[in-house]
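The values are calculated or read from the model by the stated rules, or taken from the named source; none is laboratory data. In this text the structure is predicted, and so the values were computed from the model without any measurement. Counting neighbours? That spans all protein chains shown, and the Cβs are built from the backbone with ideal geometry, glycine included.
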Amino acid sequence: MSRDLPEPMLREQPEQPRISLMGTAAVLFEAPGPFDLPHQRRIWALAEYASGLPDVREAVPGMTNLTLLFARPPRNIAAIAQSLTEVWHSGIEVDAEGRTMELPIVYGGETGPHLREVSHATGLSIDDVVAIHTAPVYTVFAVGSHAGYCYLGGLDPRLFLPRRAVPLLSIPGGSLSIAGSQTGVSASAGPSGWHTIGFTDTRFFDLGRDPATLLQPGDRIHFHAQTVIR
């Protein structure tokens, strides 16, 4: 006695990256998937690969994206897109773990004006917010937004908050903020829609230094509370 076998299940197709032109001499690769370290390591691997492509002047990794700057307008975008997609789907990663830096932070007060608001929004005490924020060792996922600014991965989910409804027109350089699943320190004064909870006098960008940016992707940061102003 025989029976019909079920038809083979269709294999789920992997989510495809988005690749688009930026002007005439730049290409943006936007990767699918979460904002986590394994995906970011794949971006770092893709940046290493893309740096060797013809006419690529610079490969700039962002938060699960990669920008390619060309010396001249690329002629075959389709071929570039295909090669980038193939490398992405290969799953290759680069472990770019670098140095670890300890950063003293003044939490709260005039330079951390939203610490109390974060405490109320999360239902945590101020001491708990500081303890939770200083517990991880954060990884620099990417450097961008403005010169020297580092996007850091590793924020505890208990501190995840949406961006502020009304952005601030300016916060000083050295301001420590959180928003979404991210935390970071501003390298220079400027507007911000994040929740500013502290401050450090560490300089993250200095034209008199070589390299001018203090940290690179793969470096790690551990914050410690120098002072907590409630």
Exercise. Residue by residue through region 30-56, note down the ones that are assigned to a helix (DSSP H, G or I) and farther than 17 Å from L152 by Cα.
Key: A45, L46, A47, E48, Y49, A50
Quiz item: Is one or more of the residues making up region 134-147 in a helix (DSSP H, G or I) and surrounded by 14 or more Cβ atoms within 10 Å (Cβ to Cβ)?
Solution: yes
Quiz item: Can you name every residue in region 180-227 that is modelled with pLDDT of 95 or more, farther than 12 Å from Y138 by Cβ and buried (at least 18 other Cβ atoms within 10 Å of the Cβ)?
Solution: W194, H195, T196, I197, G198, F199, T200
Quiz item: Which one of these does G98 not meet: (1) under 22 Å from the mean Cα position of the chain (by Cα); (2) assigned to a helix (DSSP H, G or I)?
Solution: (2)
